[in-house]
Structures are given as C-alpha cells and as structure tokens.
Amino acid sequence: PAALLLFVAAGRHPHSVFRSVPQDAAVAQNASMNGTYIFTAQGSDNVEEVIKAGTARMNFIKRPIARSRLRKTNQPYQSLTIEHTPAQVSVQTDNRKPILTPADGKSIKWTREDGEVFDVNTVWEQGKLKEMFVADDGSRENLFSVSADGTILTMQVTIRSPQLPAPIVYRVDYKRKA
C-alpha cells in the first residue's frame, strides 16, 4: 500500500488503451505548446484540499499515510518546459532532468529521484498532450492543454490507485514565460 501511494504521484494504469493522432499532424497542430511556463495559483486548485477530500473516506489508519505520501509527490511544479518534435516529447519540471519519451506513444522506463521506477509515455489526444506514469500499484496522468491565446498551460492531474476510494483529480495552471 505504501509503495502504491508513492507511485500514484506519477503514472498510468497498465490496462489503459491510448489512441493517438498521427504524430506529424499532432506536432503541427500543437506547436504552440512548446515553451516554458511558470506556476500561477490563479486558476489552480488547492492541491492540499483536493488530497484531503480524496482521502477523507479512507480508514483512520491509512488516511494519514496516504495524505503524507500524496503531499510529497504532488506539490505543484514551479516551472514546466515542454518541447516536442515528430520523434520525441520532452517534459521538464523545475530543475529536474527532462523526461524524454518517443512521440509515437511507446513507453519508456523512468526512475524518479526517490528510486521508484515507472513506465512513462506521451500521446496526443484531441489536441492535448497526455503524459502517463504507470507502476504496479497505481498511475498518474498529466493532461496538458494550452489556452486559445497561448498564454496559459493547464495541467490536469488524475491519480488512480486501488488504495484510493476514487481517483484524485486536480488542475494546475502555468503562465507562459516571456
């Protein structure tokens, strides 16, 4: 259970099926997503409150453990950089090493700073970039979209785990860096 909650902050369910648009078309259609973005609280959910609500129905023994682990792995990134080409997608958060995935949706193995290993992939779905992290005990989906004027990047996060009573979903907004 503890490993699951650590994992939950970065993945995708192993049985999910993803359909992607042809990558050349996706890159052309979504070129406006390339760039660096800075966190803004305006428009973003209060992640602490979402975690509290999402774990409220857990028993009193598991609830504090789940909340602690979710808080650790779900702090909003202060900066986020996305670059994509027909061959590759790069997502960099804060000053961490970028996560590089094939643009065709194939999964790679990726090791988080704490040593946990995930299968990670990215696909384009209806003009949005979906980044999926999957482990044996849960998943995290980051769904990125850009506002019509290109100034705001929204990251909708969905965390799934058999240990959680329901998926935890929250939104974080970022302003394009000038």
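The values are calculated or read from the model by the stated rules, or taken from the named source; none is laboratory data. The shown structure was predicted, so the numbers you read here are calculated from the model rather than taken from an experiment. Neighbour counts run over all protein chains shown; Cβ positions are idealised from the backbone, glycine included. Heads up: the accessible areas ignore ligands, DNA and RNA and are worked out on the full protein's heavy atoms, side chains in. Shrake-Rupley method; radii C 1.70, N 1.55, O 1.52, S 1.80 Å.
Computed values, structure above
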{"quantity": "Simple spin-label estimate for Q88 and K128 in nanometres, 7 Å along Cα-Cβ", "calculated": "2.7"}
{"quantity": "Neighbour-limited loop hits for GluC sites (Glu not before Pro), the stretch 99-151 (at most 15 other Cβ within 10 Å; DSSP other than H, G, I, E, B)", "calculated": "E113"}
{"quantity": "The stretch 70-178: relative contact order as a whole-number percent, Cα under 8 Å and 6+ apart", "calculated": "13"}
{"quantity": "20 Å Cα-Cα reach of K62 towards aspartates and glutamates, excluding residues that sit fewer than 8 places from it in its own chain", "calculated": "E48, E49, D136, D137"}
{"quantity": "Peptides 56-67, 158-169 ordered by average Cβ neighbours within 10 Å, highest first", "calculated": "158-169, 56-67"}
{"quantity": "Portion, in percent, of the accessible area of the stretch 28-167 that falls on carbon or sulfur, probe 1.4 Å", "calculated": "51"}
{"quantity": "Set K52/K97; K106/K128; K130/K177; K52/K130 screened for pairs whose C-alpha atoms are more than 27 Å apart", "calculated": "K52/K97"}
{"quantity": "Accessible area per residue, Å², the stretch 51-127 with all protein chains present, probe 1.4 Å", "calculated": "56"}
{"quantity": "Estimated distance in nm for a label pair at T111 and K97, the labels positioned 7 Å out from Cα along Cα-to-Cβ", "calculated": "0.8"}
